[in-house]
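Colleague: Before I ask anything, here is the structure I am working with.
The values are calculated or read from the model by the stated rules, or taken from the named source; none is laboratory data. Note that this is a predicted model, so its numbers are computed, not measured. Cβ: placed from backbone, ideal geometry, glycine included. Neighbour counts: every protein chain shown. Side chains included, ligands, DNA and RNA excluded: accessible areas come from the protein's heavy atoms. Shrake-Rupley method; radii C 1.70, N 1.55, O 1.52, S 1.80 Å.
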Amino acid sequence: MNLSMNRFNDVQTHASAVNDWRQTYSQISAGNLQSSLAQIKSQRLHVFREQINQRVVQHGEAPRGKVCFAVPIAIPGAIRMQGREADETSLFVLRGGEEFMFHMPMGMDMLSLTFDSELFDHALDDSPDAENIEKLLKQPVIRIPTHRFSECRRRLLAMFSEAIADGTASTQTGFEPNLESALLDELMELLADPHLKSLERQPTSVHSFIVEKCHHLTVSDTFNPPNVIDLCERLKISRRTIQNSFKNVTETTPTHYIRSIRLNGARRELMSTHSAELSIGDAASKWGFSHLSHFAADYHGLFGELPSQTLRADRRPVATTQH
């Protein structure tokens, strides 16, 4: 079993460090980013806790052959998962290979648990509530009674923290299957709670659908990013509707959100290439920024540094890690 702890000042470097997940994180709120990532990884289990101080949108694909859960530790703001509104009473579920979009608030603190599908399915088959649990798992967001979820959260976090704190855990006989079993049993007991059976399935919100469509249109043609008028015409909606959608889902304007997605794209280009391979101007142009001075000002406003100060692939230090 592998244990690691990392701290980052770039959200995509953070995203890339999450084992086995194909995903892109984009910073939406302005300011220097600080994040931490603690992970436990075995052959059949991956548990990680991530804390990020800025508002972030996560987009990607869940690991194939897995069943994934996320338990909020702290959500101090609006959050959307797969187009559904969520809060601290929400359990998030993804199946392997499923595409996801997660709008996270500033100060997010989340514990994620990913099980091998075979391991999870065996546990499900052994449950007398298997049929009801399978119905629940068709929802990406499951609402849990507050007191019940609080108890489960506390126990899951305690098990994870104990494993992380014990630096010799990986050498202990039987530790790995014991942790897998303890975490899985806790989740299965939660999902079998009879209070969950009467919960209504939450539909995707129209506002979230609009934001997601705008996001995909922005990244589908990076050289020619759409403006708000373009988006209104393509989606056949009014400017007021698009403004309200972004306000409710992202807590910002469509103009700021789209510009932030493009700035994050340019930043990823810079951080993944050597200085001699790609100029700052070419990275900006690839994401639709035609005025280099405006690009530099916007970049500094969002990330707290100029493009010339961003560490390129040939100058980036190894992330601080503890095993």
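Colleague: How large a share of the accessible area of region 47-94, in percent, is made up of carbon and sulfur atoms when the probe is 1.4 Å and the other protein chains stay in place?
Modeller: Carbon and sulfur atoms account for 42 percent of the accessible area of region 47-94.
Colleague: Take the Cβ-Cβ distance between Leu217 and Ala313 as r, set R0 to 30 Å, and report the resulting FRET efficiency rounded to the nearest 0.05.
Modeller: For R0 = 30 Å, the calculated efficiency reads 0.55.
Colleague: Which FRET efficiency value, to the nearest 0.05, is calculated for Asp109 and Ser238 with the Förster distance at 35 angstrom and r the Cβ-Cβ distance?
Modeller: 0.45
Colleague: Along its principal axes, what span do the Cα atoms of region 1-124 show, with the longest given first and each in whole Å?
Modeller: Computed over region 1-124, the largest-to-smallest principal extents equal 44, 31, 22 Å.
Colleague: Starting from the residue with the highest accessible area, list Val228, Val219 in decreasing order, probe 1.4 Å.
Modeller: Result, largest first: Val219, Val228.
Colleague: So what is the calculated 222 nm ellipticity per residue for the chain, using -39500 (n - 2.57) for each DSSP H run with n of 4 or more, over all residues, to the nearest 500 deg cm²/dmol?
Modeller: It lands at -12500 deg cm²/dmol.
Colleague: About the Cα centre, and with charges only on the beta carbon of Lys, Arg (+1) and Asp, Glu (-1), how big is the dipole of the chain? Nearest 20 debye, please.
Modeller: The dipole of the chain has a size of about 1220 debye.
Colleague: Using R₀ = 30 Å, calculate the FRET efficiency as 1/(1 + (r/R₀)^6) where r is the Cβ-Cβ separation of Glu88 and Ser42; round to 0.05.
Modeller: E between Glu88 and Ser42, to the nearest 0.05, is 0.60.
Colleague: Can you compute 3J(HN,Hα) from phi for each residue in region 249-266, using the Karplus curve 6.51 cos²θ - 1.76 cosθ + 1.60 with θ = phi - 60°, rounded to whole Hz and x for Gly and Pro?
Modeller: My calculation for region 249-266 gives 8, 10, 6, 8, 8, x, 5, 5, 4, 4, 4, 5, 4, 5, 5, 5, x, 5 Hz in order.
Colleague: Show the residues, 5+ positions off or on another chain, whose built amide H is closer than 5 Å to the amide H of Met101.
Modeller: Residues meeting the amide H criterion: Gln82.
Colleague: Counting pairwise Cα distances across region 213-284, what percent come out greater than 19 angstrom?
Modeller: 40 percent
Colleague: Still on this structure, please answer the following. Tell me, in nm to one decimal, what length is gained between Glu98 and Glu162 on full extension, where the rule is 0.36 nm per residue of separation less the Cα-Cα distance?
Modeller: Roughly 20.0 nm would be gained on extension.
Colleague: Want the number for Glu277 to Val228: 0.36 nm per residue separation, take away the alpha-carbon distance, what's left?
Modeller: That pair, Glu277 and Val228, stretches by 14.3 nm at full extension.
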